Amino acid sequence: MDTYLGEFEHLVLLAVLRVGDDAYAVPVRAEIESRGGRTVSRGALYTTLDRLEQKGLLRSRLGDPLPERGGRARRYYSVSQRGLASLRAAREAIDGLSAGVTLESKRATS
Amino acid sequence: MQYMGNGGPPRLAEWLLRRLVGGSIGADAVVGDLAEEHHAERRARGRLGADVWYWREAAGVAGRVAVALHRAHRPALSPFPIPGDSFMSGLWRDLRLAARLITHQRAFALIIVLTLAVGLAANATVLALVDGLVLRPFPLRDIDRLVQVFGVSPEGGPVADRAEVSPADFVDFQRETRSTDLIALQWWDATIAGRTEPERLQGFKVSPAFFGAMGVAVAAGRGFLPEEALPGRDRVAVISDALWKRRFAGDPQLVGRTVMLEGEPHLIVGIAPPKFDYPYGSEVWAPLAFTPDALSRRQSRYLSVIGRLHDGVAPAVVQAEIAASAARLTTQYPTTNRGWTVNVMPLAASVVDVGAASFLVVQQVATLLVLLLACANVANLLIVRAADRSKELALRVALGASRWRVIRLLVIESLALAIAGAVSAIPLTWAALAACRAAMPPNIARFIRGWDEVDVDLRVVGGLALLAVASTVAFGLLPALRASQVSLNDALKTGGRAGGGGGRHRLRHAMVVVEVAMALTLLIAAGLSVRGTTTVLFRDDGYDPDGVMTLRVSLLGARYETPEKQRAFFEGLVDDARGALGIEGAALVNVAPASMRNATSSIEIDGHPVTDAAERRSADVRTVTPGYFQALRIRLIAGRDFGRGDTPEAQPVAIVSETMARRYWKGEDPIGRRFRSDGVEGPWRTVVGISRDVHHTWFMNDIAPTFYLPFAQQPASDMVLMLRGAGDPSPLAAAGRQMVLARDAGQPVYEVRSLRQVRSEGAVGLTFAATFMGVFGLVGLLLAGVGIYAIMAYAVRQRTHEIGVRLALGARPREVLAATLGRGLRLTAIGLVVGLAGAYALGSLMERTLFGSIRVDALTFVVFTAVLAFAAVAASIVPARRALRVDPMIAIRHQ
């Protein structure tokens, strides 16, 4: 049984996939903001990344310490097999539900 | 690369973020991410913008994470005591109940938290200043083992016990003192030349043991050798780390090379450790070598003397030992040393400005008033709310809560509010300090020990926490004690209308009186401060400071050692300036008006010998070129100006100020009379003119007698060029610099400032004080207004029923309004009377501490009393009128 994905969780997983190997919080947030067309608060992103990791949908590793970060390491994320399965399931659900549905708004007649 | 230094995010914010995020979601990566983004923001917005950004984002992240953690485990809360529960678990429940009550009454909580934040931030700001400037003024190792030795002048005055020491006296002290090793320092601001354009450096000549005594090791090369304190061997220098990096790009081969300092080749023997810039932001040090000539003149006192105490030696021992030497010198050299004693002080205390401590006391009193006012306001609001909650509290008591339990709940609510206020106060404090730093000109900040160290640090946060707890007691305890004295019967019966009866009214009334009194004290203090400062900045000081640019030129010793060469350069410079386009007046003077420097000389009046042996005659000396009085628009009252004819060969002449004329030639016409300065070797000078007085510095109430000498007869190497233009003087800066460089490309020009600027910089401390007080006064007015409004609104609401009945029975609205207003105004009047007394006390304190720049004047008292009375009426009239609009039927039915 795949874990149910919240909307924001869904976006975060996709953004981590898009950014690829360099996916730590800063570019992931930038990706959601530029592609997803919405602003993302840092706090929400951190708690969501943490939650997704606890659910086993994301894995993380620490990089090397960097001077511009005051000698701290970046935490890089990658989507786990389980995360991929969740994404796939979500896409299938959306595709299945979207099939044959017209999303153009009906002309309002009053 | 060292990153964690100044370039990083605000350390406090980072520390708080780490604490708040904790181990929950990998604080290290989060803090690192924000540091990385701060780094990028810095490039885009600059330091300040990036820091503000950081505070905001860090708060956002911390808040979000805290909410997430809170949500993760939140059990149900019971607002009622559970029998048999333990002290700690009860406490915890109360805390969370308090947090929930606060989040439920947001507007109410917001007002309280903001009020407290303002009061706490004001205090934390002053606390940070006191901590940085008075308690720990500089980062020297073992500073408590260092003492400074001052001469004590028999002439008296505010700084008589902070006099400097002559080289000859110093050498004697040094030889005869066993308890400490003494070192001496002499001002030596030097010009460095070569490679790039010449630059003026802050520097000091120091005894060879200087670096050891200061407890620092030279980072590269060596310090000075004892034999380098001999004339001829002293052409060596140690430079600061900052200068090494700035001017020599951190050249590792610099030690052992020769650079031109003051036109003389100096061998660089060492580089000081990073951040070491004692004293006064020094960038270069050279050995202090006494010439036989310097050692022969005991009356020239210009050395600062510092000692490092040997282990186990108390400062008093050093004081006794040096005082014995000084006493011997007074008998051995009575002409120069009679009456002179010594004063040994801990270095940390001695560097604090004479006026600073008392000035900060005034600030501290004012800020405490702001905090008390904030507390009084909050207490008011809590009392009002407690009345609304009397039913709830009575129910708690009825269900078995002890009185102690109710008090605890209320105090914990107050504490939670205070903590929220303290947390909000941190960024406010930080912003206030940033504003202070931005407002202080660097050339003044250099002289304020510890200025760079002032910051929001853990000590300040600790102080804030203490203040927050103290204010909780101040504003929370009284209402809690009151509110806990409820009886269920009364509370339910009165329907929450009258609350705890008369006692609560009395308390509220007392609060109005206290608030009005404190606000008036603050307002008047602020008014006096602002008025005093504007007077100082804009009064007529005897000259016209507008439109004048000043540029200081110190000729390099080697190239201009003779008076003839100095004259040729400076007189040529003035001629060039006179001929230049857009310059209406040009002249040179040794000391610009309102500057921090001064030149004073003892004088002897021909035909008026000193009769009283204790009397000392002295006057300020100004050496000027012809045209000085016109350029500065100083009026000549009698006689003539200097002219081309006043050459070294002609009769020595002088112009004296009104005060000098009055003081030394009582009832006579000084023109044609003679006096001399510089002791018996000086020539007799004939007075040829009398000028209007010039008020040199704001903090001297008395105008010093002053005499002017023609530059041609008294040439000097260090002069200030004054240029007057038609309008804005700023373009004259570049023009003046160009004129100097055209005559000598290796000659630095510095302290380029308009005369207006010199004047405001001289009074910057006063401006600071006035700004502080002004802000506090406004905050006080606002807080008092809000407080009075809240109390009146509450009183009216409580009496809606009564007012309705009165109106229904035919009372005229005006009578009802008068009755409602009357009580508020009576209380206000009592508050004003108390406040006037407080204001008089604080005003007198300020009058004493701020060198008389502030006067207690009746007008300020009247004006601000009226302002506050008006504000109080306005704050009362709004709720009172609202009461009248009530429909009597609704008012009566309402209950």
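FYI, it's all coordinate maths here, none of it is from the lab. The structure presented is a predicted model; accordingly, all values stated were derived computationally and were not measured. Ideal geometry is used to build each Cβ from the backbone, glycine not excepted, and the neighbour counts take in all protein chains shown.
Which length gain, in nm to one decimal place, applies between B:Asp457 and B:Arg338 when the Cα-Cα distance is subtracted from 0.36 nm times their residue separation?
Details: separation 119, 0.36 × 119 = 42.84 nm, distance 4.84 nm.
Using 0.36 nm per residue and subtracting the Cα-Cα distance, I get 38.0 nm.
Summing Lys, Arg as +1 and Asp, Glu as -1, what charge do residues with Cβ under 12 Å from the Cβ of B:Ala124 carry, B:Ala124 excluded?
Net charge around B:Ala124: -2.
Using θ = phi - 60° and the Karplus relation 6.51 cos²θ - 1.76 cosθ + 1.60, list the HN-Hα couplings for region B:219-227 in order, rounded to whole Hz, with x at every Gly or Pro.
Residue by residue, region B:219-227 yields 6, 9, x, 9, x, 8, 9, x, 6 Hz.
What average count of beta carbons from other chains do you get within 10 Å of the Cβ of residues in B:809-819?
0
Pull up the cross-link candidates among the aspartates and glutamates for A:Lys55, meaning alpha carbon to alpha carbon under 17 Å and not fewer than 8 places away within one chain.
Once the sequence-local aspartates and glutamates are set aside, what remains near A:Lys55 is A:Asp2, A:Glu7, A:Glu9.
Got a sec to turn the phi values of region B:748-760 into Karplus ³J(HN,Hα) couplings, 6.51 cos²θ - 1.76 cosθ + 1.60 with θ = phi - 60°, whole Hz, x for Gly and Pro?
Taking θ as phi minus 60°, the curve returns x, 10, 8, 6, 8, 8, 6, 5, 4, 5, 4, 5, 6 Hz for region B:748-760.
Counting other beta carbons within 10 Å of each Cβ, put B:Cys375, B:Cys436 in order, fewest first.
Fewest-to-most Cβ neighbours within 10 Å comes out as B:Cys436, B:Cys375.
Assuming a ≥ b ≥ c are the square roots of the Cα gyration tensor eigenvalues, decide whether region B:160-217 counts as rounded (a/c under 1.5), prolate (otherwise, with a/b larger than b/c) or oblate.
Prolate shape, in that a/c is at least 1.5 and a/b is the bigger ratio.
Amide H of B:Val548: which non-local residues (sequence gap of 5 or more, or other chain) have their own amide H closer than 5 Å, using H built in the peptide plane?
Long-range HN contacts for B:Val548: B:Leu755, B:Arg756.
Check B:Val624: other-chain or 5+ apart residues with amide H under 5 Å from its amide H, H built from backbone geometry?
Placed amide hydrogens put B:Leu709, B:Phe711 under 5 Å from B:Val624.
If I model a spin label at B:Ala734 and B:Ala568 as a point 7 Å from the Cα along the Cα→Cβ vector, what separation in nanometres do I get?
3.2
How big, on average over all directions, is the shadow cast by the Cα convex hull of region B:696-762, in nm²?
Convex hull of Cα atoms, orientation-averaged projection: 6.4 nm².
Rounded, prolate or oblate: which one fits region B:266-322, using the alpha carbon gyration tensor with axes a ≥ b ≥ c (rounded when a/c is under 1.5, else prolate when a/b beats b/c, else oblate)?
Here region B:266-322 falls in the oblate category.
Hey, what D do you get for chain A in µm²/s if you plug the Kirkwood alpha-carbon radius into Stokes-Einstein at 37 °C and 0.692 mPa s?
Diffusion coefficient, whole number: 211 µm²/s.
Using the Kirkwood radius over C-alpha pairs as Rh, can you work out the diffusion coefficient of region B:654-744 via Stokes-Einstein at 20 °C, viscosity 1.002 mPa s, in µm² per second?
Approximately 133 µm²/s, per Stokes-Einstein.
Pulled fully out, how much extra length does the chain show between B:Ala160 and B:Arg812, if you take 0.36 nm times their separation in residues and subtract their Cα-Cα distance? The partial results should precede the final answer.
On the way: separation 652, 0.36 × 652 = 234.72 nm, distance 7.06 nm.
Extending this stretch completely gives an extra 227.7 nm.
When the Cα centres of region B:224-278 and region B:758-785 are compared, how far apart do they sit, in Å?
When both Cα centres are located, 43 Å separates them.
Just to be sure I understand the model, the point goes 7 Å from the Cα along the line to the Cβ. What's the resulting A:Asp21 to B:Val863 distance in nm?
7.2
Rounded to two decimal places and with Rh computed the Kirkwood way over Cα pairs, what is Rg over Rh for chain B?
Value, to two decimals: 1.05.
Residue-wise, which Karplus ³J(HN,Hα) couplings in Hz belong to region B:94-105, taking 6.51 cos²θ - 1.76 cosθ + 1.60, θ = phi - 60°, and x for glycine or proline?
After applying 6.51 cos²θ - 1.76 cosθ + 1.60, I find 4, 4, 6, 5, 4, 4, 6, 4, 5, 5, 7, 9 Hz.
For a Förster distance of 25 Å, can you work out the FRET efficiency between the beta-carbons of B:Ala726 and B:Glu751, rounded to the nearest 0.05?
Values: r = 23 Å, r/R0 = 0.93.
Plugging the Cβ-Cβ distance into 1/(1 + (r/R0)^6) gives 0.60.
Multiply the residue separation of B:Leu845 and B:Val610 by 0.36 nm, subtract the distance between their alpha-carbon atoms, and state the gained length in nm to one decimal.
Full extension from B:Leu845 to B:Val610 adds 80.8 nm.
Hey, any idea what the orientation-averaged projected area of the convex hull of the protein assembly as shown's Cα atoms comes to, in nm²? Could you put the intermediate results ahead of the total?
Details: hull surface 236.2 nm².
Reported value for the Cα convex hull: 59.0 nm².
Which aspartates and glutamates does B:Lys205 reach when only Cα atoms under 14 Å apart count, and residues fewer than 8 places away in its own chain are ignored?
Answer for B:Lys205, where 14 Å is the Cα cut-off: B:Asp189, B:Glu228, B:Asp234, B:Glu262, B:Asp277, B:Glu283, listed by chain and number.
Starting with the fewest neighbours, write out B:Thr335, B:Thr860 ranked by other beta-carbon atoms found within 10 Å of each beta-carbon.
Least to most surrounded, the residues fall as B:Thr335, B:Thr860.
In nm, to one decimal, how far is the B:Glu668 label point from the B:Arg246 one, both placed 7 Å along Cα→Cβ?
Between B:Glu668 and B:Arg246, the simple spin-label model gives 5.3 nm.
Starting from the amide H of B:Ser207, placed 1.01 Å from N in the peptide plane, find each other amide H under 5 Å away whose residue is 5 or more places distant or on another chain.
Amide H neighbours of B:Ser207: B:Ala184, B:Leu288.
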